[in-house]
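Report on the structure given below.
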Amino acid sequence: MPPPPTPANVRVVTLTIDGQDLSARADETIIEVCRENQIPIPSLCYLDGLSIWGACRLCLVEIAGQGRLFAACATQVAEGMQVLTNTERLRRYRRTIVELLFAERSHICSVCVSNGHCELQHLAQTCGVDHVRVPYRQARYQMDSSHELFRLDHNRCILCTRCVRVCDEIEGAHTWDLMGRGSDCLVITDLAQPWGDSETCTGCGKCVQVCPTGALVKQGTSAGEMVKDQHFLPILARRRQAR
Amino acid sequence: MNRLSVATVVAPASLPPMAGETGSMNKLSVATAWLDGCSGCHMSFLDLDERLVDLVRYLDILYSPLVDAKHLPERVDVGILEGSVSNADDLRQAQAFRDRCRILISLGDCAVNGNVPSMRNPYPLAAVLDRAYRENVTLQPQVPRVGVPALLPRVRPLHEVVAVDVFVPGCPPPADAIFYVLSELIAGRTPDSTQVTRFGA
Amino acid sequence: MTLLQTRPPLPSDDKRWKLVNATMRRNGYAGHALIETLHSVQDAFGFLDETAMRFVAGSLDLSLSKVYGVATFYHLFLLKPKGRHACVVCTGTACYIKGARGLVEAIQERYAVRPGETTPDGRLSLLTARCVGSCGLAPAVVLDGAMQGNQTAGQVLAKLERLD
Amino acid sequence: MNLDDLADKAEEYRNQDPDITHEARVCMAASCQSSGAPEVMAALHRALTAIPPPAPGERQGDVEGDAERDGDSEGDGTMAGAGLAGPADRVTRGHRCKVKGVGCMGLCSAGPLVAVAEKGAELMASTLYREVRPEDAPAILASVAGPPVARLHCPTDQPFFARQQRIVLENAGVIDPDSFKGYVAVGGYAPLVQALTEMTPAEVLREITLSGLRGRGGGGYPTGLKWSTVAKMPGERKFVICNADEGDPGAFMDRAVLESDPHRVLEGMAIAAYAIGAAKGYVYVRAEYPLAVERLTTAIRKAKRAGFLGGKIAETPFSFEVEIRLGAGAFVCGEETALMASIEGNRGQPRPRPPYPAESGLWGCPTLINNVETFANIAPIVRHGGAWFAGIGTEKSKGTKVFALAGTIENTGLIEVPMGTRLRDIITAIGGGIPGGRAFKAVQTGGPSGGCIPAEHLDIPVDYDGLKTLGTIMGSGGMIVMDETADMVDVARYFMEFCMSESCGKCVPCRAGTQQLHALLDKIAKGEARHQDLALLEELCEVVQATSLCGLGQTAPNPVLSTLRFFRDEYEAKLCAP
């Protein structure tokens, strides 16, 4: 699919990413430019087609002349910008963040229906996480199997809010939201009632498809069987935008 | 798109030649044991099949469930532990391995991250024992205490109780991954197992 | 195409709903009035129950999960009724340095309630506050709305014992 | 209305009760209220009426309380049952005295405080009484015409008062915070009228920039620069927000300012709105400060009625409305993007910046956010000029700073000192040192985002940059003093517990990282940690600091890093064998 032509009022800028000279539309974010140019940059909360959340902090990059780090998903490119996406420091931070996620809840890959198709699991491998240095919290979270089609396992949720956003922004139901705060945050449907009792859920399953882990899955899948399909998202997002 | 699949093995196609093919003096001594695990990682080791024959030219397996020796030698080059640390015996075994092995390998998800055994951790130990030995038992329910090691309050990955040098995650780690790790050690290099395996692999 | 939103009727003829409704009306039933509205529900009823959250969500045209998400984000909002008496121990830095933890522990031990909980008989809620801004009186306790400065565990327990 | 008209008004209000010569001012700020000020106030009223009536020919004091000061009988005397109301006046030996509720006088640990002063005199010129009980009322009133009551006397020439320089707090403890006329009488709203009638917005911006004022909320961002940026932003709708979500445990400066001089803050906001072109403002204030909310509400109502808020202020085309928004117990809402999310009725979760609020803030419009103390500095700057303000303080930190002194220190309370005052002066001279003969160990500044300063650095001048070099921050102004008995690992754990439970849960490093840091500190405090735990602690601190989404997470490791820097031995002493 050819990229859409640049609108007349948007400038084109040149920048370097990891030493590569690139051009980009001024309204693009760093992560979009990276993805276009096959520069790998890890992310979990970012998903093309959904609004920017900026919370997983995995896509942080260094920008020359700036003391702090910037989230590639939330930072627009600028003329002459020099971006580094893969420094030793960034790799170290990313590794630690992935470890923090693994330690926060119980992600036991071997018995997960998403085993082999999980973005968190994949990230652990690409970020070089062969073990988790911080202690596992071992808190106990519930499962919700009340929905006839889908299942929610809070133990595997990383609170990326992709489900919340896709439900609100694409499906328009806003069945999902977050409750609580800090590590007590949970994704909820309606007034934190069982998913199957939800009056607002349309059962469309978009939340399941965008979920990066095994937190939201189809009923009836067993270990390793849950393969997600997100191809609908950019298409629907573009069509919604067009209106 | 197969970005979620395990990377292809990059292990050396053949093992390095050793100085003086017959010189067993240069072999790496190896000890293995399983703690709280299913032995699947050891089975995966056996899945090396004919490559085992190649490996024993470089390795001396001195102590293992796979061999007859009953005592862990005082000094061992490479220790390989499968399984999580769940009871008092596991803890003793782990400490003994650490004391006596130059390089300690944490093999498989149970050892690396607690895996299935650690799923009891959110529950108090007493509740776990009750569930297993009283609630689900119809005949003479009782918690065994004699002749079995006491369970630790929490199941822990190996590196939480002793220092670990090499981590090989996977449930079980593929035979190729084990082969790669051992080959690298034989060649005197530090293996990076994320090239060949991952959690849950 | 315009789809008109219909606002739900007041949940009952309890006069307090009119107060809640007035807050929403004053804000033009705009979604951004959610927190203001939840404050007025809590002022009127003491806590937020499901009926109230459904009514507010319907009136402001917000989703149920959003209302619940906001209500549980802010620690001041209670989803369960408080006890007849509320004992708030300030755990701000000054109070902490001067022994607030001891006060909490003493109450916790005597009444078997943890901070945020209410005794089973509904008599006493133990709460902690981040800082009640009376650092000059540390450690401070707010008992049923009245500030008590420079407290010891003995003093606080004695006061709690005297409550009905 | 021009400045002359306002000056006439002020003169009129000052001379409203020409017979009154003295005032007995009772501190009715929250701290004194909780130590019994309302009872003292009532006793003083009773004592006034009990004093024999004046000799024939002298005017009978209006014991019922002049129903009003602001011609607003409904408004005054409605204070929280606390009764700021009902000033009564009576003659005592040729002097006429009235009882008046005022804001914070500073020395909270000695409350309830009562000051007897000539009408309109500043705090320093008053006779101050400490720890006043209701039964002391007759003696205090008698002292209006006689010598001070020695046993209650709290000299105002002691360093606690003498070493202060009150700009932000100049009216605190002097005027009745609920009285609009009282504020105008001391020159209030003249700077606003001056700005509206005699200055262009650009001129206001120039004075603020010239003053060198930096944000008092903690960051120390140059106020003039912030205002200019918002002013330059395109867009019809802009907003001014006053951040009164003072959440640092151990900080109560903003609360005292709002409770003592609310009009001052509103005036600062109005001047800002004029300078940047905003027509609407919000004060986001903690619901935990009911008294501040009430006084602010009263002030807004009265300012609006008098034409200093609302449409066509001072008969100029400038309009400015202010609304109060209540927080609901979330520390993170002090972060500006979280605060705006909360005003919009959402969960108070921050979002990545840029875009900064100046560009895209409340409902996507350019928004100016300053804290209470920053706004309280605006009126004096406009009145005396930016150059005057720039003459106070140090090279890079101008003006004064209000601090809340607390912890194990003799004088706890609120102080205002010029920037650059040595920390030692604040603690030993103003604060009166450590009670009980114990030794000073450290002072914590900047709350959960700050750090601890040990004894060997007490000679540092307190300003934004000086504190930064010691690994702490100015913060909003909390200063917690700790004596030798303080356990620094425990202090670090306390602050980490705070950050952990106040983390909004949005970004991973803050949500999960503070959890892990707290667990590690707990392990160390319990003596169960090893050397590698300490190394992990430091590494995690770095990650949380560098990768968190907002200031809460980015600064959460500060108390740990700072105590590690100065008290590492305490950590190491708690480690068990490696």
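Laboratory data are not the source of any read-out in this text; all were calculated from the coordinates shown. Computed from a prediction, not measured in an experiment: that's the story for all the values here. Counting neighbours? That spans all protein chains shown, and the Cβs are built from the backbone with ideal geometry, glycine included.
Observations, loosely collected:
- Between segment D:370-449 and segment D:143-218, the alpha-carbon center distance in angstrom: 15
- Shielding score for D:540-546, defined as the mean number of other chain Cβ atoms within 10 Å: 5
- Mean-square fluctuations from a GNM of chain A, with a 10 angstrom spring cutoff on Cα atoms, peak among A:Ala139, A:Ala74, A:Ala26 at A:Ala139.
- The overall shape of chain A is oblate: from the C-alpha gyration tensor, with semi-axes ordered a ≥ b ≥ c, the ratio a/c is 1.5 or greater and a/b is no larger than b/c.
- Ratio of Rg to Rh over segment C:1-41 (Cα coordinates, Kirkwood Rh, two decimals): 1.02
- Check: chain D dipole with +1 on Lys, Arg Cβ and -1 on Asp, Glu Cβ, in debye: 640
- Stretched out straight at 0.36 nm per residue, the stretch from D:Arg206 to D:His384 would grow longer than its current Cα-Cα span by 62.7 nm.
- Cα gyration tensor shape for chain D, rounded if a/c is under 1.5, else prolate or oblate: oblate
- B:Val53 versus D:Arg133: modelled label distance in nm, points set 7 Å from Cα along the beta carbon direction: 10.2
- Among D:29-39, D:152-162, B:135-145, sorting by the average number of other beta carbon atoms lying within 10 angstrom of each residue, highest first, gives D:29-39, D:152-162, B:135-145.
- Structure-based [θ]222 nm, the protein assembly as shown - -39500 (n - 2.57) summed over DSSP H runs of at least 4, per residue, nearest 500: -9500 deg cm²/dmol
- Using a cut-off of 27 Å between Cα atoms, the listed pairs C:Lys15/C:Lys80; C:Lys98/D:Lys574; D:Lys401/D:Lys506 include D:Lys401/D:Lys506 as exceeding that distance.
- In chain D, a dipole from Cβ-located charges (positive for Lys and Arg, negative for Asp and Glu) runs towards its positive end, and of D:Cys104, D:Met479, D:Gly361 it is D:Gly361 whose Cα lies farthest in that direction.
- Most mobile listed residue (A:Leu60, A:Leu159, A:Leu15) in chain A, GNM with C-alpha springs under 10 Å: A:Leu15
- Residue (of D:Gly188, D:Leu123, A:His107) at the positive-pole extreme of the protein assembly as shown, dipole from beta-carbon charges: A:His107
- Other protein chain C-beta atoms within 10 Å of residue C-beta, averaged over D:244-252: 5.
- Cβ-Cβ FRET estimate between A:Val10 and C:Tyr29, R0 fixed at 51 Å, reported to 0.05: 0.85
- Contact order normalised by residue count of segment D:400-483, Cα under 8 Å, 6+ apart, percent: 37
- Shape of chain B, Cα gyration tensor, a/c cut at 1.5: prolate
- Rounded to 5, the percent of DSSP beta bridges in the protein assembly as shown classed as antiparallel: 55
- Structure note, pairs D:Lys226/D:Lys302; A:Lys206/C:Lys66; D:Lys238/D:Lys468; D:Lys181/D:Lys304: Cα-Cα distances above 22 angstrom occur for D:Lys226/D:Lys302; D:Lys238/D:Lys468.
- Value of Rg/Rh across segment D:488-573 [Cα atoms, Kirkwood radius]: 0.94
- Spatial separation of Cα centroids for segment B:144-201 and segment A:206-227, in angstrom: 28
- Residues A:Asp48 and D:Thr229, FRET efficiency given R0 of 22 Å [Cβ-Cβ distance, rounded to 0.05]: 0.10
- Distance between segment B:43-61 and segment C:85-164 - C-alpha centres, whole angstrom: 66
- In Å, descending, principal axis extents of the Cα set of segment C:85-162: 34, 21, 20
- Cα-based helix-to-principal-axis angle, B:88-100 vs chain B, degrees rounded to 10: 20
- Cβ-to-Cβ counts within 10 Å put A:Thr189, B:Thr194 in ascending order as B:Thr194, A:Thr189, the fewest first.
- Max mean-square fluctuation residue, GNM over chain A, Cα-Cα springs under 10 Å, options A:Cys185, A:Cys112, A:Cys157: A:Cys185
- C:Ser12-A:Arg89 pseudo-label distance in nm [points 7 Å out on the Cα-to-Cβ vector]: 6.0
- The packing ranking, built from the mean of other Cβ atoms within 10 Å per residue, places the peptides B:42-48, D:101-107 in the order D:101-107, B:42-48, highest first.
- Virtual spin-label span in nm between A:Asn37 and B:Met43, 7 Å along Cα→Cβ: 4.9
- Listed by Cβ neighbour count within 10 Å, with the fewest neighbours leading, D:Lys401, A:Lys206 appear as A:Lys206, D:Lys401.
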